[in-house]
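The values are calculated or read from the model by the stated rules, or taken from the named source; none is laboratory data. These numbers were taken from a predicted model, which means no experiment stands behind them. Here the Cβ is made from the backbone with ideal geometry for all residues, glycine too, and neighbour counts use every protein chain on show. Remember, those area values only see protein heavy atoms, side chains included, never the ligands or the DNA or RNA. Shrake-Rupley method; radii C 1.70, N 1.55, O 1.52, S 1.80 Å.
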Amino acid sequence: MKLIRSPYLRSLCDNSNSPHRTIFYHTLFGNPRIFNEEAIRFINFFAEELEVTQLRKKVVGDFKELLNDLKDIHYLVPTNANERRILIDRKEEHLEQFRNQKTIDRIGLSVSNVCNFGCHHCIFFSRNKIYDSLRFMKWEIAKKCIDSYVSLIRQNGKKSGQIIFGNAEPLLNWHVIEKILIYCENISDISFDYSMNTNLSLLNKKTAEKLKNYQVRIVTSIDGLQDANDLIRITKNGKGTFVIINKKMDLLQKIQYPIEGISITITNKNFNSIDTSIIDYALNRGVSRVACDFDLVNLQNIPVDDRVDKILELKAYANRRGLILGGTWARPFEKLMTSSLLHKKYAFCVAAEGRMIVFNPDQSIKICGYSGTRIGHLDHFSKLFHKGSDFYQLIENRIPGNNVLCEGCIIEGFCGGQCYPTMEAVQSCASLLKNMCLFYKKITDGLLKANSRDVENFPSSDLNYDLGASVVNADSKFNFLCCTDQKCSKKCCSNLNILLPPYDVLRIRKRLGLSFSEFIDIYGKVKILERIGLPVVTLRMREDNELSCPFFNYNGCSIHSDRQSICRYYPLIPKQQLEVITSWQDFLLTKWRNCQGFHKSKEWTVREWRSENEIALYDSFNNQWREIIKQFESNISTKKIIKLSKEKFKK
């Protein structure tokens, strides 16, 4: 079969981390990986179509696992593959669920479209004209909305639902909220989860106690500490609101029901006043989650790079303090890191996925409380889901890969058009749209680079040996000498996935005076060898920047005479590491990047190297383990394997 590198594959090098490790991801399907130089060379063999059998002329070693992984995640694809066809299939699957009314899992109730604050940056009022019929939701309308939602829940055989109270300041219509809570709690076959975003100014102790009783999750907006917040979050007469909000938060803490989250808006007015102090403030308030977003529509005078730097600074500090900082800017990155359209259907947010609808006081319906687009009416609820309806067309156009404005974008598959209300605000202005898209792309790149410094966040598809490695036999000669004073000495002892056969574990733990369980707790990790289901032990690297070997210090290897077999072998690697190893078989002579040992004049044969480093002794014990591995791969009976295991290792 001929394969070629996918045209949707993108690379991103983080030079502040290491110029030799590069982030790769698929712009439609995500699946990020970190590659070293050799893996990059491997994938670049497929810059032009290449028959897999031809790889043997270019690569020495076992590349099958890497090749299969790259095919599975669509980094390598058959020639002329239509990868966008997968998005079409995903779209049809999702739209079928939508037509069957199975996607909705929450509703918003716009109980109040009026606010007692006078914030000029509010996106809701920029997108919605408020007529008398839209000001407050009446109880009769609220009940009708809930009944339609409950009918949908029961139709789909579900037992739970979510209700979000919005839009402007919901507590202005508290008496209706209270009726809704009482009504829903009396629906015996369905449990409800409630949430509310409120400015808190109208909260009193009685209301707070009832919100606590019904477990209504409370989120409030506070745009920085007082000097920042009071620049933009103001009353109708222009006064700051920080003191008011702070007092109400005190009230909630006093009844032991603190707010669940804080929402921050950054505009051109408070941009320079927002700093990490708001993270400390949130933590002191017992808040573990903060949403922070820019006023993207009116922030063009702040350079995109400055906005990105601001978010990355806040995010890094929040991570160090153990607080979750998110926002609409984080969603493409989060989708890229945690999901793939190869396996899961998703869009930018729950509204764009068709999982949420919002009811207005006049019975009109929207996908999001901040949106100005009506998609239907409560009196024609079932028609919302018909093919060709306004709702249907909106969801169809929001599915990643189906937005013509996004085609070819470097974050197309996990952004898919960004926040819908924001898009409504900027789509008529080309410069605003371009500026907003640039911000999303740059912040996603910034988050990728920041997270790549913690390799646990990324699957790794490294090839840690030179692709030009030569095949040698027992009598082949090579020059090599490893010295601890060489500048490269620590690099070969860092960021490795080292498998420890049983005899390796035995030698090291006895050297350290540890029991097996103590050794595993301190130095080992147990994982399952996937292809056969057997547990194996790997070495736990230090949690430093280099992920260095726990036995390495500046004098060299602290357990050198009892070191693990892979270190004894280097620069040799058995061609099949889990096969029984014999002294006469072929080996790979490998050359790690930056290794200075090959510049020394000391000459060896493979046979001499094995003798010098006690490799034959290690192999004599570990080959028994390899025999068991081989038996598992041959699918002999479990009973026979257990018996063989006991015979080999009963001592």
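Given the Cα-Cα distance of Leu12 and Leu283 and 0.36 nm per residue of separation, how much length would full extension add, in nm? Display every interim value, and only then the final one.
Numbers: separation 271, 0.36 × 271 = 97.56 nm, distance 3.37 nm.
94.2 nm is the gain from fully extending Leu12 to Leu283.
Would you mind computing, in nm to one decimal, how far apart the modelled labels at Glu543 and Lys102 are, each placed 7 Å from Cα along Cα→Cβ?
Label at Glu543, label at Lys102, 4.2 nm between them.
Tell me the label-point distance for the pair Gln256, Asn553, using the 7 Å Cα-to-Cβ offset, in nm and rounded to one decimal.
About 5.0 nm separates the two model spin labels.
Which translational diffusion coefficient, to the nearest whole µm²/s, is obtained for the range 268-360 from the Stokes-Einstein equation, given a Kirkwood hydrodynamic radius over C-alpha pairs, 37 °C and 0.692 mPa s? Numbers along the way, then the final one.
On the way: Rh = 15.3 Å.
Diffusion coefficient, whole number: 214 µm²/s.
How much accessible surface area, in Å² rounded to 10, belongs to the heavy atoms of Ser431 with a 1.4 Å probe?
60
Got a sec? What order do Leu181, Leu496 fall in by accessible area at 1.4 Å, biggest, i.e. largest, first? Don't skip to the end; give the middle numbers.
Values: Leu181 0, Leu496 35 Å².
The residues order as Leu496, Leu181, largest area first.
What do the square roots of 5 times the Cα gyration tensor eigenvalues come to for the range 375-441, in whole Å, largest first, as semi-axes of the equivalent ellipsoid? It would help to have the intermediate numbers written out before the result.
Values: eigenvalues 143, 39, 14 Å².
The answer is 27, 14, 8 Å, longest axis first.
Counting other Cβ atoms within 10 Å, keep those with at most 15, restrict to DSSP loop, and tell me which trypsin sites (Lys or Arg not before Pro) in the range 218-268 are left.
Numbers: sites: Arg233, Lys236, Lys239, Lys247, Lys248, Lys254; in loops: Arg233, Lys236, Lys239.
Sites meeting the loop and neighbour criteria: Lys236, Lys239.
Return the subset of Lys158/Lys387; Lys91/Lys335; Lys179/Lys210 for which the Cα-Cα distance in this structure is over 20 Å, preserving the input order. Could you put the intermediate results ahead of the total?
Values: Lys158/Lys387 24 Å; Lys91/Lys335 17 Å; Lys179/Lys210 12 Å.
In this structure, Lys158/Lys387 exceed 20 Å between Cα atoms.
Which order do Glu169, Glu48, Glu185 take when ranked by solvent-accessible area (1.4 Å probe, heavy atoms of all protein chains), largest first?
On the way: Glu169 0, Glu48 140, Glu185 95 Å².
Largest to smallest exposure gives the sequence Glu48, Glu185, Glu169.
So for the pair Asn156, Leu312, with labels modelled 7 Å out along Cα→Cβ, what separation do we get in nm?
Modelled inter-label distance: 3.9 nm.
Expected output is a single nm value to one decimal: the length gained when fully extending between Thr338 and Lys525, i.e. 0.36 nm times separation in residues minus the C-alpha distance. What is it?
Working: separation 187, 0.36 × 187 = 67.32 nm, distance 2.38 nm.
The Thr338-Lys525 span can extend by a further 64.9 nm.
What does the charge count near Val304 come to, summing +1 for each Lys or Arg and -1 for each Asp or Glu among other residues with Cβ under 12 Å from its Cβ? Write out the running numbers ahead of the final one.
On the way: positive: Arg307, Lys310, Lys434, Lys441, Lys442; negative: Asp305, Asp306, Asp309, Asp445.
Summing Lys/Arg as +1 and Asp/Glu as -1 gives +1.
Please report, in debye to the nearest 20, how large the charge dipole of the range 61-119 is about its Cα centre when each Lys and Arg carries +1 at its beta carbon and each Asp and Glu carries -1 there. Let's see the in-between values first.
Values: 9 positive and 10 negative charges, 70 e Å.
It works out to roughly 340 debye.
Using +1 on the beta carbon of Lys and Arg, -1 on that of Asp and Glu, and nothing else charged, what's the dipole of the range 267-373 about the Cα centre, debye to 20?
On the way: 14 positive and 11 negative charges, 90 e Å.
Dipole magnitude for the range 267-373 comes out near 440 debye.
Once the Cβ-Cβ distance between Ala430 and Glu92 is put in as r, and R0 is 30 Å, what FRET efficiency do you end up with, to the nearest 0.05? Numbers along the way, then the final one.
Numbers: r = 32 Å, r/R0 = 1.06.
The pair Ala430/Glu92 has a calculated efficiency of 0.40.
At a Förster distance of 45 Å, what's the computed FRET efficiency of Ser561 paired with Arg85, Cβ-Cβ distance as r, to 0.05?
On the way: r = 59 Å, r/R0 = 1.30.
Efficiency, rounded to the nearest 0.05: 0.15.
In what sequence, largest accessible area first, do His343, His386 appear using a 1.4 Å probe? Kindly include the intermediate steps, with their values, before the conclusion.
On the way: His343 150, His386 100 Å².
So, going from the largest accessible area down, we get His343, His386.
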